[in-house]
Every structure is written in structure tokens, then in C-alpha cells.
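Some notes on the structure that comes next.
The values are calculated or read from the model by the stated rules, or taken from the named source; none is laboratory data. This structure is a prediction, so every number in the text was calculated from the model and none was measured. Here Cβ is always computed from backbone atoms with ideal geometry, including for glycine, and neighbour counts include all displayed protein chains.
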Amino acid sequence: MNQMYMSLSAIMTWLVLSATPLLAGNAQHGEVLYQRYCTGCHGADGRGGGKGFMPHVGALTRKGYIDLIDDASLAMVIAEGGEAMGKSGFMPSWKATLSKDDIADVIAYIRTLPLSDGPQ
């Protein structure tokens, strides 16, 4: 029952987020939030391999990955955690820590990171 509730909650969140276009976030504020909450796993430059987490987390900056994920989907993963989008359950939910505006700011910052061709 609890699993079904979590799935319904994740679906509802995704519907709300995808139906509501994210306002352009503030990348400067997003960088501060990213450095505080995300670098432990995703690395300071988004290339993964943060020192505080195992298993190794792949690069956010890989071409053909992050550039193909829309902002609503990224917001859902950040808000609900990786498992909500079929990603790693090690990615926690940040909805109790970050507001919708904070999440939009983090996404705006992630979008400023240079994309990389190489495997990471």
C-alpha cells in the first residue's frame, strides 16, 4: 500500500511539474545550492565521482544525457528522488529541503555546466 501511495504521489508531482512550466531559475543562486547539496555525489563540476558517495555517480554533463532531459523531469528527480523516475534509489528526495524556486535555480545552474563528449 505504501509503495502504491509513493508511486501515485510521484506521478501527481510529475503531472503538476510538467503542466506548470518552470520559471527561468537563478543560476547564480542555483550554484550555491548545488555546491551545498549536490557536490558530494555529482562532483563540483557535475562530472560525477563526488568524494562523499559510493557507488560512483555518473556525470550530469555527458552529452546525450542531461541535454535530453527536460526541466520538469529534472525537477521531479530532485523533488521526489531518483527512484521516482526509475533512477537510482540512492538519489534522495530534496522536496523537504529545497523549494520549487530553489529546484528551478539548481536546474538553471546545471544547464550552465559545459557538456562533455567523453565517458565519465
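Looking across the stretch 64-120, just one residue is outside any loop (DSSP other than H, G, I, E, B) and among the aromatic types (Phe, Trp, Tyr), and that is TYR109. For beta carbons closer than 6 Å, sequence separation of 6+ or different chains, a first residue in the stretch 58-82 that is closer than 13 Å to ILE110 by Cβ and a second that is in a loop (DSSP other than H, G, I, E, B) and polar (S, T, N, Q), the qualifying pairs are ALA59/GLN120; ARG62/GLN120.
Out of all the residues in the stretch 24-43, which are β-branched (Val, Ile, Thr) and modelled with pLDDT of 95 or more?
So in the stretch 24-43, the residues β-branched (Val, Ile, Thr) come out as 32, 39.
Once the filter is applied, which keeps residues that are β-branched (Val, Ile, Thr) and modelled with pLDDT of 95 or more, the stretch 24-43 yields only VAL32.
Just one of the listed residues (MET76, MET85) is modelled with pLDDT of 85 or more and surrounded by 15 or more Cβ atoms within 10 Å (Cβ to Cβ), and it is MET76.
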